[in-house]
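Heads up, the thing below is written out as structure tokens.
The values are calculated or read from the model by the stated rules, or taken from the named source; none is laboratory data. All values reported here derive from a predicted model rather than from experimental measurement. Using ideal geometry, Cβ is built from the backbone for each residue, glycine included, and neighbour counts are taken over all protein chains shown.
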Amino acid sequence: MKMNKTLLTLSLAAATLPSLSSAGEVEVLHWWTSGGEAKSVQELKAMLEEQGHSWKDFAVAGGGGESAMTVLKTRAVSGNPPSAAQIKGHDIQEWGGLGFLTNLDDVAQSGGWDASVPSMVTDVMKFNGEYVAVPVNVHRVNWLWANPEVLKKAGVEVPKTLDDFFAAAEKIKAAGFIPLAHGGQPWQDATVFEAIALDVLGSDDYRKAFVDLDMDTLSGDKMVEVFTKFQKVHDYIDANSPGRDWNVATSMVINGEAAMQIMGDWAKGEFTAAGKVPGKDYICAPAPGTDGQFTHNVDSFAFFEIKDETNVAAQKALAATILDKKFQEVFNLNKGSIPVRTDMDMSAFDQCALDSMASFKATAKTGDLVPSMAHGMSTTSYAQGAIYDVVTNFFNDPKADPKEAAQKLAKAVKAAI
Ligand code: BGC
């Protein structure tokens, strides 16, 4: 029998959609509450609902996810974890070790995850060799976002090196604009700090410091230079930066109040949500001095052991959807990141995303692909917390001594591990 197109579509839909009796609910904890983030997570909710399941949103505001992790711990400890939670990097191992996570190997196998996602990512998603988490995307953290109009008015080019950056910042300040939009929160301080560290230390020593936690590198002369340059950044942010959310900082670049922001490409999600076009309304460039280097931050959801069978079915549908090609495209277009699958058609993506993908692939070969310390990729939450404290206290004390800070950094890390 020859089927017409509508009939064929209907019968295919019936074959892939679960029957209504297996419709379950997923409760999903995440911290995606800014304009671009909310649009992105909405896509996941919609695709899950299309399959007959329901979505219970468990959003905990706060960039970088510190508050979300605190709330998650309370829920899990009281024996009532959500179905899935935005948990990344080393934290996946910590949750796996506590026995909270569920095995997703059946979903991974039928979805062919091992073949379509790089092993440097899938390794992190597995606990004791079993999938317990699903990656969503790859964010590049070492980006500079700039408003071309403001740069033009100040008579400067997009800075390529840190020296260029400070020279440009001086001129932008003189022209009456805020050179760098910044939110004074520990994770944002750490995001700027690690971009400077990547340039000053180079990829190998960056890894020695933040992956190997090598005491000599953490306290060494080059780290003193990192703190010295980081301190200088303080001259180019505004007095209202303490406590400011990252997306508010991005909006200052969007509306021309500030010239630049050093932030991961979730910032692009804000430009996109505001209808701005890269290359025209805003510029994306590698953070000063880090062209040819890539600090990665892979978002992922870890899945918790739950009892109700229909909810388990919904949970598995969620896991499968995250790595679905259609979702990977629409989500990452909104989020500002690139797909985590390497077999995607990238034709819908803009130049920033294409540059990010090219750099992700190239740096994987040169050894310049490094994990983000500020975003939980390079080390445990304990070491990360110790680094955050030293970095933030230093940044907020105008009289702080860079040499002492480097020594404090090594000591704090040593005490945390
Ligand atoms: C997450 C991003 C998120 C950003 C700001 C990062 O740690 O990986 O997905 O957009 O924090 O909230």
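Some observations on this one:
- Single match in Phe271, Phe301 (criterion: under 19 Å from the mean Cα position of the chain (by Cα), in contact (Cβ under 8 Å) with a residue 60 or more places away in the chain and assigned by TED's automatic domain parsing to the domain that holds Glu49): Phe301
- Within segment 215-237, the residues that satisfy the criterion of being surrounded by fewer than 16 Cβ atoms within 10 Å (Cβ to Cβ) and within 20 Å of Thr392 (Cβ to Cβ) are Lys232, Asp235.
- Checking Asp350 against (1) within 16 Å of the ligand (Cβ to nearest atom); (2) in contact with a Pro (Cβ under 6 Å, 6 or more places away or on another chain), the condition it does not meet: (1)
- Residue in segment 69-84 that is at positive phi and more than 15 Å from the ligand (Cβ to nearest atom) present: yes
- Residue in segment 294-311 that is nearest to the ligand (Cβ to nearest atom), counting only those that are outside any strand (DSSP E or B) and crowded, with 24+ Cβ neighbours inside 10 Å: Asp299
- If the condition is being crowded, with 20+ Cβ neighbours inside 10 Å, within 9 Å of the ligand (Cβ to nearest atom) and not polar (S, T, N, Q), then segment 32-67 contributes Trp32, Gly36, Glu37, Gly63, Gly64, Gly65.
- Sole residue being more than 28 Å from the chain's Cα centre (by Cα), at pLDDT below 90 and more than 30 Å from Val248 (Cα to Cα), chosen from Ala23, Ala15: Ala15
- Qualifying residue in segment 151-167 (condition: out of contact with any Gly (no Cβ under 9 Å at 6 or more places or on another chain), farther than 30 Å from Ala406 by Cα and of a type in the set (Lys, Arg)): yes
- Helices (runs of 4 or more DSSP H) contained entirely in segment 211-284, each with at least 1 residues that are among the hydroxyl-bearing types (Ser, Thr, Tyr) and more than 13 Å from the ligand (Cβ to nearest atom): 215-219, 221-233, 246-254
- Residue that is surrounded by the most Cβ atoms within 10 Å (Cβ to Cβ), among those in segment 312-333 that are within 17 Å of Val298 (Cβ to Cβ) and among the polar types (S, T, N, Q): Asn332
- Top-ranked residue in segment 336-388 [being in contact with a helix residue (DSSP H, G or I) (Cβ under 9 Å, 6 or more places away or on another chain) and charged (D, E, K, R); ranked as surrounded by the most Cβ atoms within 10 Å (Cβ to Cβ)]: Arg341
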